[in-house]
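Below: one structure, written as structure tokens.
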Amino acid sequence: MNYKGSFTFVLHSHLPYARMAGRWPHGEEWIHEAAVDTYLPLLAALHDLAAERVPFRLTIGITPVLAEQLADADVLRNLDDYLDDLRQRAERDVARFDRDGDNHRSAVAAFHRDRFTWLLDQFRVRFGRDIIGGFRWLQDNGYVEIAAGAATHGYLPLFERDSSIRAQVATGVRSYRRHFGRAPQSFWLPECAYRAATEGRPGIEAFLADEGLTTFFVETHTILGGDPVGKASGDAIGPYGEVPKRYTVPRPDAAALAQRTTFQPYWVHEPRVAAIGRNLSTGLQVWSADHGYPGDFWYREFHKKDGESGLHYWRVTGARVGLGEKALYHPGQAFDRVHDHAAHFVSLVEDQVCQYHDTSGKHGIVSAAYDTELFGHWWYEGVSWLQEVLRRLAASDTVALTGAAQFVAEYPPEDVVELPEGSWGQQGTHFTWLNADTQWMWPLINAAQKRIEEIVARHGSSAPAEGLAQLGRELLLLESSDWPFLVTTGQARQYAELRFSQHLERFHQLAGQIEAGAVDAAFVADLAERDKLFPDINIHDFAERQGAAATPQRARAG
């Protein structure tokens, strides 16, 4: 078929490490909630499409730290209990509303009960409690391209030590190979945060090329230049003054940007790794507070919950309707709206592809990137919307569904570009992760990165392997971008500061034991049970390599 262009959803799936790290409102229930609301429904929807023989294709990033948790036996056992508890809550709500004569809410409670019962069957029977295996099957059978990611979603541009960038990428790729049985091709940069090459230091793409990756994703403004939509302009970081000079985001050259477009990938510095920018128009259809689909008045209201069961019984109702004024939810009408919004989105994609093809004569790509957890969790009907969009686009004679790396292989970039630094955070800069509230974290992170380099050099061949491996895990967890993000947003500031401090303390206590030649095996075993991930971590990934993505040996071999 003579398609005019291609389309891929790029779904970014990520949660911080929360195994055995507390329960509601923060901790392991984050994983359970996301699995019930998003990952399981999405997995079922995609497998249903495959069973219907719909020839769909999309890109899904699953961060290594999330994959490790979704494959963990303790997390999965707790998830089973969590889901069954939800089913029982809905069952009790049915009886409660029946007693009260509230027929409407009783019907919605029955809807919730039936859905939780169905999800339990999907989890236990259809997927055999193997969520990662369900996604692996989709990739093995050509429906999904799973993107790799940095080990614990560290905010790489703010790392002072290249060794830790290397370790984040290498550990993430190794985890990917273990879970998905193949080498990854595409890579989601944490927070879409790109570090440009500077004198004596490689750009992020060099670390990706060293692992054989071919494709990564950046924000729209990183490709097109200018200010991110809806963000403040300039390099200043709000009321806290100017960005430190080292972290200032350079302005791209206007002439060089004149012909750039997010409809095409670009080689970055050298023709080995390509960058794809997020399509703006499709993004706004979902993300926009004013015009996004999730704000439709018939869709379920996320923020209002029943005071006894915690379940949802209300709909959005209106743009400025307070929580106390919300109308009751009607599942039938809500899911009817999914078809209208899917049809509108498909029409938008086809129009975008046709306009680009007609004006440029080229086969372009629309890359629609979103947090996976938006669908199902924040936007309850969102997974059904994704399914319907994929079903309709699979039947299109205008647009071909693809994976990101697949597109790069089939339509290699024609141009080599130099990208400016940026992210998809506030102002398009590093502000969300580096500001007056979080700047105290970075000297501590960077000092730990330097200390592990020294330990690898002096004790990497002599200290107990278990202790060295756990030291690497604690540093990776300390580096998670989630801790400064949660501090900045205030969503869970005390929890984030506690988790950051715990990993910092564990790292330095263990580092001191290694340096003293007196590693406490029981202490290491306790940490290994608490922070149980990346069993094949390689401590030598943390070896000093300032100014180089690869080790000297690997660089010479390349």
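The values are calculated or read from the model by the stated rules, or taken from the named source; none is laboratory data. These numbers were taken from a predicted model, which means no experiment stands behind them. Note: ideal-geometry Cβ built from the backbone for every residue, glycine included; neighbour counts use all protein chains shown.
Points worth noting:
- Just so you know, in the stretch 405-424 the residues that are part of a loop (DSSP other than H, G, I, E, B) and in contact with a Cys (Cβ under 8 Å, 6 or more places away or on another chain) include one that is nearest to residue 370 (Cα to Cα), and it is 424.
- Helices (runs of 4 or more DSSP H) wholly inside the stretch 441-529 containing at least 2 residues that are more than 29 Å from residue 74 (Cα to Cα) and free of Cβ contacts under 8 Å to residues at least 24 places away in the same chain: 441-459, 493-516
- Conditions (1) closer than 20 Å to residue 204 by Cβ; (2) out of contact with any strand residue (DSSP E or B) (no Cβ under 7 Å at 6 or more places or on another chain): number failed by residue 429: (2)
- Of all residues in the stretch 408-433, those that are over 27 Å from residue 480 (Cα atoms) have Cβ atoms under 7 Å from Cβ atoms of residues that are part of a loop (DSSP other than H, G, I, E, B) and modelled with pLDDT of 90 or more, 6 or more apart or on another chain, in 408/214; 408/265; 411/363; 413/264; 413/265.
- Count of the stretch 184-213 residues which are hydroxyl-bearing (Ser, Thr, Tyr) and in contact with a strand residue (DSSP E or B) (Cβ under 6 Å, 6 or more places away or on another chain): 2
- Inspection of the stretch 167-186 identifies no residue that is small (Gly, Ala, Ser), at pLDDT below 85, at positive phi and assigned to a loop (DSSP other than H, G, I, E, B).
- Selection from the stretch 419-440 of residues that are farther than 20 Å from residue 197 by Cα, over 20 Å from the mean Cα position of the chain (by Cα) and buried (at least 21 other Cβ atoms within 10 Å of the Cβ): 438
- Counting the residues of the stretch 530-558 that are modelled with pLDDT under 95 and either touching a Cys at 6+ places or on another chain (Cβ under 6 Å) or not in a loop (DSSP other than H, G, I, E, B) (or both) gives 7.
- With respect to (1) more than 21 Å from the chain's Cα centre (by Cα); (2) surrounded by fewer than 24 Cβ atoms within 10 Å (Cβ to Cβ); (3) in a helix (DSSP H, G or I), the lone exception for residue 129 is condition (3).
- Exactly one residue out of 143, 155 is among the aromatic types (Phe, Trp, Tyr) and either under 30 Å from residue 52 (Cβ atoms) or surrounded by fewer than 20 Cβ atoms within 10 Å (Cβ to Cβ) (or both), and it is 143.
- Residue list for the stretch 53-83, filter: among the charged types (D, E, K, R) and in contact (Cβ under 8 Å) with a residue 40 or more places away in the chain: 57, 68, 72, 74, 80
- Meets criteria (over 30 Å from residue 82 (Cα atoms), of a type in the set (Ser, Thr, Tyr) and over 27 Å from the mean Cα position of the chain (by Cα)) for residue 317: no
- Selection of first residues in the stretch 337-349 that are within 22 Å of residue 315 (Cα to Cα) and of second residues that are among the acidic types (Asp, Glu) and modelled with pLDDT under 95, restricted to Cβ pairs under 6 Å at least 6 apart or on distinct chains, gives the following pairs, ordered by first then second residue: 337/296.
- So residue 320, is it among the basic types (Lys, Arg) and part of a helix (DSSP H, G or I): no
- Qualifying helices (runs of 4 or more DSSP H) (wholly inside the stretch 1-112; at least 2 residues being touching a helix residue (DSSP H, G or I) at 6+ places or on another chain (Cβ under 9 Å) and surrounded by fewer than 16 Cβ atoms within 10 Å (Cβ to Cβ)): 73-100
- Only one of 362, 304 that is touching a residue at least 12 places away in the same chain (Cβ under 8 Å) and in contact with a Leu (Cβ under 8 Å, 6 or more places away or on another chain): 304
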